[in-house]
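Input: a single structure, listed below in structure tokens.
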Amino acid sequence: MTAEVLPSWFYPPADGWVAEDLDRLPPEAPRRLELVDGALIVMSPQTKFHMRVIDNLTRVLRSSAPEGLDVVREMTVTLGRRQRPEPDVMVVREPSGAGLERTTYRPEEVVLAVEVVSPDSEERDRRVKPERYAQAGIRHFWRIENENSRPAVHVYELDDTTGAYVPIGIEREKLRLAVPFPITVTMRELLS
């Protein structure tokens, strides 16, 4: 039996992976990679639940977001030298149509970060990434869990006093919020 050799691009540089390295990977590298705590993470294929919730949430957020905000999916946010996670959905401050060549956002541009939890990302989506987003000053964070094939949206807001997220609520039927902008969506709409 011969040992498989990983492609040379997969081995970290001598000083470890940094945020800018994601833009220098060769075309044969997987399309969906993120950098969390200096570790390169290759994301696994998504479930239909994951894909459906992301697609529909992106549509709903785009129709609700006021002028000057854009909604992007599966793009990274550079939180620091060794932190470039990829939220499933982000609402960002950016004029419509601007920055079409960009590959990442800065934390001060992110109004809302959303993670749809998958079995392979539970620890990152529930603990690691929210902590990093809060430390970077991203004001709003939603975590969407699959509860018996129905979405449950866990809503958090940054507490300026502690610098950590505080829970605002868990929505299982209808999400109705005034911040970061007015939005109303039923969980049924997220799976339609």
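The values are calculated or read from the model by the stated rules, or taken from the named source; none is laboratory data. What you see is a predicted model; the values in this text were computed from it and never measured. Every residue, glycine among them, receives a Cβ derived from its backbone with ideal geometry; neighbour counts consider all protein chains shown.
Just the residues that are touching a strand residue (DSSP E or B) at 6+ places or on another chain (Cβ under 9 Å), more than 16 Å from R139 (Cα to Cα) and hydrophobic (A, V, I, L, M, F, W, C), please, taken from region 69-115.
V72, M75, A98
Picking from S44, S64, which residue would you name as being polar (S, T, N, Q) and closer than 18 Å to I144 by Cα?
S44
Would you mind stating whether T162 is surrounded by 14 or more Cβ atoms within 10 Å (Cβ to Cβ) and among the polar types (S, T, N, Q)?
no
Restricting to strands (runs of 3 or more DSSP E) lying wholly in region 96-192: which have 1 or more residues that are closer than 22 Å to D70 by Cα and among the basic types (K, R)?
So the answer is 140-147, 174-177.
When you go through V60, V36, V89 one by one, which is the residue that is within 13 Å of the chain's Cα centre (by Cα), farther than 26 Å from L6 by Cβ and surrounded by 14 or more Cβ atoms within 10 Å (Cβ to Cβ)?
Unique residue meeting the criteria: V89.
Of the residues that make up region 107-117, is at least one modelled with pLDDT under 95 and more than 13 Å from the chain's Cα centre (by Cα)?
In the first step, residues of region 107-117 are kept if they are modelled with pLDDT under 95; the result is none.
Looking through region 107-117, none of the residues is modelled with pLDDT under 95 and more than 13 Å from the chain's Cα centre (by Cα).
With respect to P107, is the statement that it is under 21 Å from V18 (Cβ atoms), buried (at least 22 other Cβ atoms within 10 Å of the Cβ) and of a type outside the set (S, T, Y) true?
no
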